[in-house]
Amino acid sequence: MRKLRRRIFIGAGFNTMCFGSGRKEFHPKLPMPTFESYLREAAAGSLAQVPHPDFDEGVIANFMAGRFLKQGNLPGFLPMAVPGLKGKPCSRVEGACGSGGLALAAAARSILAEMADTVFVAGFEVQNTLKAVYVADVLAGAGYFNGERKQGHAFFFPGAFSDRAGAYGERYGKDLARQAMAKWFELSIVNARRNPKAQEFHNTAADPLALGMTTPDGRKFVHHLNLFDCSKVSDGASALVMASEEGLRRLGLKREAMIELTGFHGSEGDITARPADPTVLENTGKAAQGAWEMAGVGKGDIGVLELHDCFSITGLLALESLGFAAPGAATRLVLDGHTARDGSLPTNLSGGLGGFGHPVGATGVRQMVDLFEQLRGLAPNPATPSGTGPSGKEHGMMVSMGGNDMTVTALVVRRAA
Amino acid sequence: MEQLKSVAVLGAGGKMGSGIAWVALRAMAEADARAHGIPGSGEYALTLIDADSAAFRRLREYLRGQLVKAAEKGINDLRLWAKDRADLIENREIIDAYVEGAMGMIRFASGASEAKGARLVFEAIFEDLGIKRAVYSHLKSVCGPDTVFLTNTSSIPIGLLDESAGLDGRILGFHFYNPPAVQKLVEMISGKRTRPEVVALGRELGKAFGKTVVPSNDVAGFIGNGHFIRELLFAMSKYRELRREWSEPEAWYLLDKVTREFLVRPMGLAQLMDYVGLDVFKMITRVMREYLADPAFADETLDRLLAEGIRGGQLGSGEQKDGVLRYQKNKPAAVLANAALPEGNRYVSLAEPGRFAKADTWLGAPPEGHALWSAMSKDPARATKLETYLAALAQAEGNGARLAREFLTHSRAVGQGLVRDGVAATPEDVGSVLKHGFFHLYAPSDWNG
């Protein structure tokens, strides 16, 4: 695997609050913040950390603004939020829920190609313009519309991942799978309650584990997932800055304020084909493998992890596809507390997609902002002991996944020095 | 169910009529969708009739809103039914097609003659024998010989309607509770000559509508009002008793509190009287007095209140109007002090510090095991808890407990009377009506005090 030919730094990250049901501010009948306001807020939060905001390029990630907001031509909103991008090349990337990961990869490639030294990256989604039953229509576009939608479940993706959860339970034990999914949900909530920007920050459920144990009801929802297994409908935006060494000097940023990208890799599947094995996230595994090879590190070096857990089962499958657990063994890894904030593999301390929320196009960028905050000691919910502390594991890793393990980007970072 | 293919609702613009229209439309749309994927095959027709055509616009919006909500909630079923419609893929497409198809079944009309093609005619017009008789006589002349009539009357004897309009046993009392879209109970009343196949049809309709059908005999008031009106009249006599010692607002306050808290009901009887409307209370009382030939069905306090313009009832929006209580956001906020005073001074705020402290002290607290209806109704162990509470109430000291016992004993006697007079077949049927129609948590026969 090719090594990075230039050093790439990431920093000045900012997430807006993740807005949606569960937040006290949220009321479905009252006017809600606009997508412009999220973008402006994320950009301002990022730029406040940059002494000389001078960018060569901008990349914006989003999934379905065309349907949620009737808005296309999104590159034009970058100069709105970042005036310095006026007259500079800007592009929008889309790979469903993996859009954010694609944006990070696109920015990295521009820097590697020496087309840019400083790139501003943003991602956003606003979905609460629609009721959940219609949001499902829009999100189903992350699957193969002509081939799958008609036969699919009303809520489509819960149906697709319910099938995976069913196959997983069938193979490795239904009760154990349910317990691990419930534990995954509990950890999402526990972490989110420590993250003031998380959608579940205000969650006051007395016993999240018991909620997670709710028996799925196929008649009302889907056969193998309950509502607590699913990330919700969310609004929000995230932004960060990526730069070469030369770029850092121009921006006036110090390495000590940054993290460094050490490896990244993408893997794409054929959206018209069905997964060969529903209990395996093939592209997630391939992307991670490529990122590790480029970074020259292995799974034992990862001190903090940000996974794409659109459903609790996705979190378990990702742990196995990345090799952190043998097939069927992610259940034990989670149930034994290894992924908790004081465990050996602190995972999704932001709350993840289930706890922080899932503003689709922002999520990949949001994950990187959280890794930045974890590794630079800025996180509201830091790993204990710190991932870069006594454990000696100085790397962080994220997986951004679009659709049903379709458009996947994995990135490995470490604290810059 | 073949008869559902052609339905008419008379009085569809009113509160009960519009609810019945929705219940029928939902069942018809579902049946059509099961057979054809999406409603609107042309096999089902619903004619909504009201003399006041100005009500149609609101009715159309109400039905469309209900359809959208039901379609969104039932999207799993909708997708299943529409599985062979290759052109309908997204939830939005399927829901829109469902709603449009169902709306296409509806025809609005102003004259009763427009019911002529209907196999089922639901009637929810004004509660007056003269008017109903005229309408049924007309319907008989325009409708086919198989048409079945379902009247929503809550008090007029079915046999009388049958006889006076010459319907030959094709009429059934089918009494929905307010609001029909939500309330699960339908009281089904057969007249003396109501045909057995019409009764069977009523049962089938109950199933198609997702309702609990409780049979009642054809005695004015039937089971629901047979109990309710007698209890309200009893409450009015208790009010007058309380008035000897207490001011008007205190007397209403005590009456409402004892029947809500001590009896563990969702509303006190003062509030329930406002909810139903004092004019409706009066009208049903009058009908019962006439057909039961019982002069006890009258009340001087009710007459006085109505004369003073105290009416209760609800606005079209469902908002509660002021009666013996004044409401803010449909919750009691003040109580009537003196109807003769100017509008602004008639009521005393329930929040006024100390205003009802003496009344509260006099009433005392409910005995051990008590919980308010809101908590008790959600308690999975409520059956046992209520049994314990009622046993404690039977022994408890204090004026509140004493008054509560009087109400419970009265209610039990009314229930027994309804069974004895053949209005209800069993005490369980009385309990079922009170539980489903009035949200009581126990039956009158559960009281052993």
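The values are calculated or read from the model by the stated rules, or taken from the named source; none is laboratory data. Everything quoted here is computed from the prediction, not taken from an experiment. No Cβ is skipped: glycine too gets one built from the backbone with ideal geometry, and neighbour counts run over all protein chains shown. SASA here: full protein model, heavy atoms, side chains in, ligands and nucleic acids out. Shrake-Rupley method; radii C 1.70, N 1.55, O 1.52, S 1.80 Å.
Only one residue in B:Tyr62, B:Tyr98 is away from every other protein chain (no Cβ under 12 Å), part of a helix (DSSP H, G or I) and in contact with a Leu (Cβ under 8 Å, 6 or more places away or on another chain), so which one is that?
B:Tyr98
Go through segment A:111-120 and give me each residue that's part of a helix (DSSP H, G or I) and either within 13 Å of chain B (Cβ to nearest Cβ) or buried (at least 22 other Cβ atoms within 10 Å of the Cβ) (or both).
Matches in segment A:111-120: A:Ile111 only.
So the check is Cβ under 8 Å with 6+ separation or different chains; which pairs have a first residue in segment A:271-292 that's more than 14 Å from A:Gly402 (Cα to Cα) and a second one that's modelled with pLDDT under 95 and among the charged types (D, E, K, R)?
Between residues of segment A:271-292 that are more than 14 Å from A:Gly402 (Cα to Cα) and residues that are modelled with pLDDT under 95 and among the charged types (D, E, K, R), the close pairs are A:Trp292/A:Lys299.
Testing B:Ala298 on (1) part of a loop (DSSP other than H, G, I, E, B); (2) among the aliphatic types (A, V, I, L, M); (3) open to solvent by 10 Å² or more (accessible area, probe 1.4 Å); (4) closer than 23 Å to B:Met376 by Cβ, one condition comes back false. Which one is that?
Failing condition for B:Ala298: (4).
Specify the residue that is most open to solvent (accessible area, probe 1.4 Å); the eligible residues are those in segment B:328-360 that are small (Gly, Ala, Ser) and more than 23 Å from B:Arg304 (Cα to Cα).
By that ranking, first place goes to B:Ala351.
Do you know which of the residues in segment B:162-200 that are assigned to a helix (DSSP H, G or I) and touching a strand residue (DSSP E or B) at 6+ places or on another chain (Cβ under 6 Å) is surrounded by the most Cβ atoms within 10 Å (Cβ to Cβ)?
Ranking the candidates gives B:Asp162 first.
Go through A:Pro75, A:Pro83, A:Pro89, A:Pro158 for me and flag whichever is away from every other protein chain (no Cβ under 14 Å) and in contact with a Cys (Cβ under 8 Å, 6 or more places away or on another chain).
Of A:Pro75, A:Pro83, A:Pro89, A:Pro158, the one residue that is away from every other protein chain (no Cβ under 14 Å) and in contact with a Cys (Cβ under 8 Å, 6 or more places away or on another chain) is A:Pro75.
Looking at segment A:77-101, which of its residues are open to solvent by less than 50 Å² (accessible area, probe 1.4 Å), within 30 Å of A:Ala287 (Cα to Cα) and either among the β-branched types (Val, Ile, Thr) or in a strand (DSSP E or B) (or both)?
Across segment A:77-101, the qualifying residues are A:Cys90, A:Ser91, A:Val93, A:Gly95, A:Cys97.
Just the residues that are within 14 Å of chain B (Cβ to nearest Cβ) and without any contact (Cβ under 8 Å) to a residue 60 or more places away in the chain, please, taken from segment A:210-225.
Once the filter is applied, which keeps residues that are within 14 Å of chain B (Cβ to nearest Cβ) and without any contact (Cβ under 8 Å) to a residue 60 or more places away in the chain, segment A:210-225 yields A:Pro216, A:Asp217, A:Gly218, A:Arg219, A:Lys220.
Scan segment A:165-179 and tell me whether some residue there is open to solvent by less than 10 Å² (accessible area, probe 1.4 Å), farther than 18 Å from A:Leu209 by Cβ, in contact (Cβ under 8 Å) with a residue 24 or more places away in the chain and facing chain B (nearest Cβ under 10 Å).
Scanning segment A:165-179 turns up no residue that is open to solvent by less than 10 Å² (accessible area, probe 1.4 Å), farther than 18 Å from A:Leu209 by Cβ, in contact (Cβ under 8 Å) with a residue 24 or more places away in the chain and facing chain B (nearest Cβ under 10 Å).
Keeping to segment B:282-339, report how many residues are aliphatic (A, V, I, L, M) and closer than 25 Å to B:Thr153 by Cβ.
12
List the helices (runs of 4 or more DSSP H) that sit entirely inside segment B:344-426 and contain at least 3 residues that are closer than 30 Å to B:Asn217 by Cβ.
It comes to B:382-395, B:399-420.
Among what's in segment B:305-327 and is at pLDDT 95 or above and part of a strand (DSSP E or B), pick the residue that is least open to solvent (accessible area, probe 1.4 Å).
Here the answer is B:Leu325.
Could you look through segment A:226-245, keep only residues that are in contact (Cβ under 8 Å) with a residue 24 or more places away in the chain, closer than 18 Å to A:Ser21 by Cβ and in a loop (DSSP other than H, G, I, E, B), and pick out the one that is nearest to the other protein chains (Cβ to nearest Cβ)?
A:Val233
I want to confirm something. Restricting to segment A:140-155 and keeping residues that are within 11 Å of chain B (Cβ to nearest Cβ) and farther than 20 Å from B:Asp77 by Cα, which single residue is least open to solvent (accessible area, probe 1.4 Å)?
Among those residues, the one meeting the criterion is A:Gly141.
Which members of segment B:102-130 meet the condition of being touching a Ser or Thr at 6+ places or on another chain (Cβ under 8 Å) and part of a helix (DSSP H, G or I)?
Residues satisfying the conditions are B:Glu114, B:Ala115, B:Leu129.
Taking only segment A:125-138 into account, find how many residues are buried (at least 24 other Cβ atoms within 10 Å of the Cβ) and either within 14 Å of another protein chain (Cβ to nearest Cβ) or under 19 Å from A:Gly403 (Cβ atoms) (or both).
The total comes to 2.
Among the residues of segment B:130-161, how many are without any contact (Cβ under 8 Å) to a residue 40 or more places away in the chain and open to solvent by 20 Å² or more (accessible area, probe 1.4 Å)?
Number of matching residues: 12.
Tell me which of these A:Leu47 doesn't satisfy, since it passes every other one: (1) within 14 Å of chain B (Cβ to nearest Cβ); (2) aliphatic (A, V, I, L, M); (3) open to solvent by 10 Å² or more (accessible area, probe 1.4 Å).
Here A:Leu47 clears every test but (1).
Look at segment B:39-58 and say how many of its residues are surrounded by 21 or more Cβ atoms within 10 Å (Cβ to Cβ) and closer than 23 Å to B:Ala97 by Cβ.
Selection size over segment B:39-58: 5.
Identify all residues within segment A:139-153 that are without any contact (Cβ under 8 Å) to a residue 60 or more places away in the chain and farther than 22 Å from A:Ser400 by Cα; write none if there are none.
Residues satisfying the conditions are A:Asn146, A:Glu148, A:Arg149, A:Lys150, A:Gln151, A:Gly152.
Taking segment A:192-215, which residues are open to solvent by less than 50 Å² (accessible area, probe 1.4 Å) and either over 24 Å from A:Ser162 (Cβ atoms) or more than 17 Å from the chain's Cα centre (by Cα) (or both)?
A:Asn195, A:Ala198, A:His202, A:Asn203, A:Ala205, A:Pro208, A:Gly212
Could you tell me whether segment B:65-73 includes any residue that is assigned to a helix (DSSP H, G or I), basic (Lys, Arg) and away from every other protein chain (no Cβ under 14 Å)?
no
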